[in-house]
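A.B. asks: Quick one: the structure is below, and I'll ask about it shortly.
Taken together, the values in this text are just the output of simple stated rules run on the coordinates, not laboratory data. A quick note: this is a predicted structure, and the numbers were derived from the prediction, not measured. Methodologically, a virtual Cβ is constructed for each residue, glycine included, from the backbone with ideal geometry; neighbour enumeration extends over all protein chains shown.
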Amino acid sequence: MSKHPFKKTEDHWRKILDDESYRIMREKGTEYPHTGEYNLHFRKGTYICKACKEPLFVSEYKFESNCGWPSFSDSIDGKIRYEPDHSHSMNRIEILCENCGGHLGHIFPDGPTPSQRRYCVNSASLNFKS
């Protein structure tokens, strides 16, 4: 993940992230559906990267997708990096924090909003700021 400007050692990430967030953000894991703190969270504010505190999504972009993970129709401009992901015999687009390279989830072209995008994000990769 050396393409990102906010470079830290894996020891640093282990110290600042809880075990589940480390597994998801640094090892590209996924939380179980319908278990994340922000899945059904609809307060007004900003969703920030749990690792580096960079603002990623605003609440106005959040919608209920019934997929089991927080879903957004868009991100804050310039805050997300997109990478091809062919793991698990699938063709997907991985989304990462542009600042620190932390894995956030994936983006899909099946959103119900005009953008037709669904940023499917792990709650464990986010914090929320009112």
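A.B. asks: Under a GNM of the chain (C-alpha, springs under 10 Å), which listed residue has the highest mean-square fluctuation: SER71, SER21, SER89?
C.D. replies: Fluctuation is largest for SER89.
A.B. asks: I would also like to ask the following. Which value, in Å to one decimal place, does the Kirkwood hydrodynamic radius take for the chain when every pair of different Cα atoms is included?
C.D. replies: Hydrodynamic radius (Kirkwood, Cα only) of the chain equals 14.6 Å.
A.B. asks: Could you tell me the distance between the Cα centroids of the stretch 102-130 and the stretch 7-71, to the nearest Å?
C.D. replies: Going from one Cα centre to the other spans 9 Å.
A.B. asks: Right, here's the next one. Exceeding 21 Å between C-alpha atoms, which entries from my cross-link table qualify? They are LYS7/LYS44; LYS15/LYS79; LYS50/LYS129; LYS8/LYS28; LYS8/LYS129.
C.D. replies: Pairs exceeding 21 Å: LYS7/LYS44; LYS15/LYS79; LYS8/LYS129.
A.B. asks: Something else about it: Can you compute the charge dipole magnitude of the chain about its Cα centre, using +1 on each Lys and Arg Cβ and -1 on each Asp and Glu Cβ, nothing else charged? Give it in debye, rounded to the nearest 20.
C.D. replies: Result for the chain is approximately 320 debye, rounded to the nearest 20.
A.B. asks: Using every Cα-Cα pair within the stretch 59-124, state what percent have a distance larger than 14 Å.
C.D. replies: Numbers: 1229 of 2145 pairs.
Tail of the P(r) past 14 Å holds 57 percent of the pairs.
A.B. asks: Modelling each spin label as a point 7 Å along the Cα-to-Cβ direction, I'd like the HIS88/LYS7 distance in nm, to one decimal.
C.D. replies: 3.1 nm
A.B. asks: To make sure I understand the rule: partners must be aspartates and glutamates, Cα under 12 Å from the Cα of LYS62, and not fewer than 8 residues away in the same chain. Which ones qualify?
C.D. replies: ASP74
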